1. Would you check if there is a residue in region 5-18 being polar (S, T, N, Q) and in contact with a Lys or Arg (Cβ under 8 Å, 6 or more places away or on another chain)?
2. If I filter region 47-64 down to residues being crowded, with 21+ Cβ neighbours inside 10 Å and in contact with a Gly (Cβ under 6 Å, 6 or more places away or on another chain), which single residue comes out as nearest to R79 (Cα to Cα)?
3. Just to check your reading of the model, which residue among S237, S223, S253, S243 is without any contact (Cβ under 8 Å) to a residue 12 or more places away in the chain and either touching a strand residue (DSSP E or B) at 6+ places or on another chain (Cβ under 8 Å) or of a type in the set (S, T, Y) (or both)?
4. Looking at D250, D221, which is the one that is assigned to a loop (DSSP other than H, G, I, E, B) and under 27 Å from G48 (Cα atoms)?
5. Only one of E280, E330 is touching a strand residue (DSSP E or B) at 6+ places or on another chain (Cβ under 8 Å) and either within 17 Å of L220 (Cα to Cα) or without any contact (Cβ under 8 Å) to a residue 60 or more places away in the chain (or both); which?
6. Is it the case, given these coordinates, that L268 is surrounded by fewer than 20 Cβ atoms within 10 Å (Cβ to Cβ), closer than 20 Å to S340 by Cβ and in the same structural domain as G214 (by TED's automatic domain parsing)?
7. Out of all the residues in region 56-74, which are among the aromatic types (F, W, Y) and within 15 Å of the ligand (Cβ to nearest atom)?
8. Scan R38, R24 and give me the residue that is part of a helix (DSSP H, G or I), basic (K, R) and either assigned by TED's automatic domain parsing to the domain that holds Y85 or surrounded by fewer than 21 Cβ atoms within 10 Å (Cβ to Cβ) (or both).
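The values are calculated or read from the model by the stated rules, or taken from the named source; none is laboratory data. What you see is a predicted model; the values in this text were computed from it and never measured. Neighbour counts are summed over all protein chains in view; Cβ atoms, including those assigned to glycine, are modelled from backbone coordinates with ideal geometry.
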Amino acid sequence: MLKKVIRFAKIYGLRRTYVKVAGRLRKPWMKSGFSLPRKKTVSTIGCGQFAFSTISYFIKQQKGNLFLACYDIDNSNARSLKTFYGYSTIAESVDQLLSMQDLETVYIASNHFSHTSYAIQAMEKGIKSIYIEKPISVTQQQFQALLTEKNKTGATLYAGYNRPYSRAIQRLKKVVDAQQTNQGAFTLTYFISGHVIPTDHWYREEQEGTRICGNMGHWLDLSIHIFAWREMPTTFSIDISYSNDNEPDDNISVNITSNLGDLVTIILTARSEPFEGINESINFQYGDVIAKIDDFRSIDIWVKEKRSKKRFFPKDVGHQRAVLQPFVKENRNWEEIEISTLLMLHITEMVKNLTKSTTINIKEAHQRLLQNSGAIKTYN
Ligand SMILES: NC(=O)c1ccc[n+]([C@@H]2O[C@H](COP(=O)([O-])OP(=O)(O)OC[C@H]3O[C@@H](n4cnc5c(N)ncnc54)[C@H](O)[C@@H]3O)[C@@H](O)[C@H]2O)c1
């Protein structure tokens, strides 16, 4: 344990490490520290480790104590989150939480299956600012219902896909943008050492959408974000190699090619627990730009003969900036989330059926989704 704490302090800094430990221990004497009183306008549904060590941490650090109410089906998790961060109250139900007069922004960080229905409930209650942790939906039906309600109410939704907000990706985007002309196709590879998820963990339950919704969605989403720097492909061909048909969402390789010649390979491996947490190696090539991202702790970029290297301490996967989306005007285009979720749900179905090879016309699927949700949309 001590070794892990020391290692985490070197990666995340002392303060964040303390909060990560506090999130695991949930001791009533642990506190997040003083902050000036602010109007309380933010509530949280789902008070687990992510709500504790990431969402509430960055809100408190950057905005102060805005915390109105929290809710969890496990009351002890709600109680410890309230005590640590100074939420005003624990809501007895989601309905009560969403009915509070001062509520402006709700963060949803519960189990995956519940995200969409809580977001719809919030929109029905007239809440206009809703942050949904990934995945925002685990089925096509949920996703359709979510977008229909969004379209009806005009609410703003934010997704917890954080990688596009990391400093490494922002830096790479600047270099790519500086190329000015369209440089053709992207090649992207990801080697992800993920957590070992026990068979009895809630991520594994049938309704939760597999590790494709739970984890791989991150790199699908990052790939879609990167494609949007240029022009979005209209079709994707997807090939999956399963190393074990009995655990199809672990130790797999997903290969995606597009009608624009792009090539993406995502390997998710979880054969042993990574001591320092999830570890991500990303390689990138686009025209003259070549880049390597080492676990969001550093990035190396080459443009022809020019080379630059940047280290990030603390490690920056983009969590802070992603969590703060409701407080910032310039956020990523929501349309990217729609496309990446469609792709993620398509691949989830493939994995559930052990399908090896398919093609999806993402442009048509997206158009259908928007038409069915009542949004008027014409493609460029
Ligand atoms: N963006 C990221 O990098 C990242 C990283 C980790 C987790 N997450 C996401 O955060 C969310 C929470 O994950 P976690 O790691 O905190 O898991 P966790 O198991 O620590 O916490 C989940 C919490 O939700 C509560 N819960 C379960 N069902 C509920 C329901 N129906 N209503 C209300 N509360 C309910 C549980 O009691 C628990 O307190 C998930 O969506 C997960 O994918 C995102």
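1. Narrowing region 5-18 to residues polar (S, T, N, Q): 17.
Next cut, in contact with a Lys or Arg (Cβ under 8 Å, 6 or more places away or on another chain) only: none.
The answer is no; no qualifying residue exists.
2. Filtering first and then ranking leaves F52.
3. On the way: S237 fails: without any contact (Cβ under 8 Å) to a residue 12 or more places away in the chain; S223 fails: without any contact (Cβ under 8 Å) to a residue 12 or more places away in the chain; S253 fails: without any contact (Cβ under 8 Å) to a residue 12 or more places away in the chain.
The match here is S243.
4. Working: D221 fails: assigned to a loop (DSSP other than H, G, I, E, B).
Result of the check over D250, D221: D250.
5. On the way: E330 fails: touching a strand residue (DSSP E or B) at 6+ places or on another chain (Cβ under 8 Å).
Answer to the selection: E280.
6. On the way: surrounded by fewer than 20 Cβ atoms within 10 Å (Cβ to Cβ): no; closer than 20 Å to S340 by Cβ: yes; in the same structural domain as G214 (by TED's automatic domain parsing): yes.
When the stated conditions are applied, L268 does not pass them.
7. The answer is Y57, F58, Y71.
8. Details: R38 fails: part of a helix (DSSP H, G or I).
Result: R24 is the single residue among R38, R24 that is part of a helix (DSSP H, G or I), basic (K, R) and either assigned by TED's automatic domain parsing to the domain that holds Y85 or surrounded by fewer than 21 Cβ atoms within 10 Å (Cβ to Cβ) (or both).
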